[in-house]
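Written out below as structure tokens is the structure these notes cover.
We did not get these values from a lab; they are worked out from the coordinates using the rules stated. For clarity, every value in this text was computed on a predicted model and none was experimentally measured. We place every Cβ from the backbone using ideal geometry, glycine too, and count neighbours over all the protein chains shown.
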Amino acid sequence: MKKRNNRGFTLIEMLLVLAIICIMLPLIYQLYSFGQETFTYNSRLIAQQYTVTNVMSHIRGDIRKAAVVSVENTDDEHSSGYPKIITLKLGYIDTDPGSPAEPDIYKIKYWRFYCEKEGDEGVLQYSGEKAPSDTVTDGDYNTVVTGLDIMNCKFERLTESSPECDYLTVQIKPLETNTGKAKARNVREPIKTEISVLYKDEL
């Protein structure tokens, strides 16, 4: 008659298996956590870059089509006053062949950087098309980009050279996307998106 081996596992064998599991589980969790954080970070970064690039292409197109361009600031660039509002004002003329020889501005578009108070995230807003006689209020603006560092966002006119070489420069710096333990992986240098176009006569 064949005897069965009912000896089972010894206490030492069970403790050894438990010890191996206790060593491996934190490593597996760390790998999983790292992979998840990396995926989330890359997804956020790609989404930010896509949004900013898409908006910049719209601003560039608006500037190219505009007949006149001006920039309005609520306060001095180095002032710490809030709210901070920097507005790009674009004027358009009628390009219809039947329009007068010296057509008037018939529509205006507004882009602006806005931050309510210190510590808040900055936003980039767009007003849509307005008539020159319209009074534009805060309620007319729609937010298109959020999470901006307002201190590094500006519509800037460079005037160091001759007027023919003036440029309009738009700079946007998205805030850090990583938080918590992954914060150390954030890019340390400012991330900026710029466009430069020939500056036009002010409104």
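Could you check the simple spin-label distance between residue 82 and residue 12, using points 7 Å along Cα→Cβ, in nm with one decimal?
Simple spin-label model gives 6.7 nm for this pair.
Label residue 57 and residue 44 with points 7 Å out from Cα along Cα→Cβ: what is the distance between them in nm?
That separation, rounded to one decimal, is 2.5 nm.
What is the set of long-range amide H partners of residue 145 at a cut-off below 5 Å, with H atoms built 1.01 Å from backbone N?
Here the answer is 124, since their amide H atoms fall under 5 Å of that of residue 145.
Skipping prolines and chain starts, which residues have an amide H placed within reach, meaning under 5 Å, of the one on residue 171, given they are 5 or more residues away or on another chain?
Excluding prolines and chain starts, which carry no amide H, the hits are 154.
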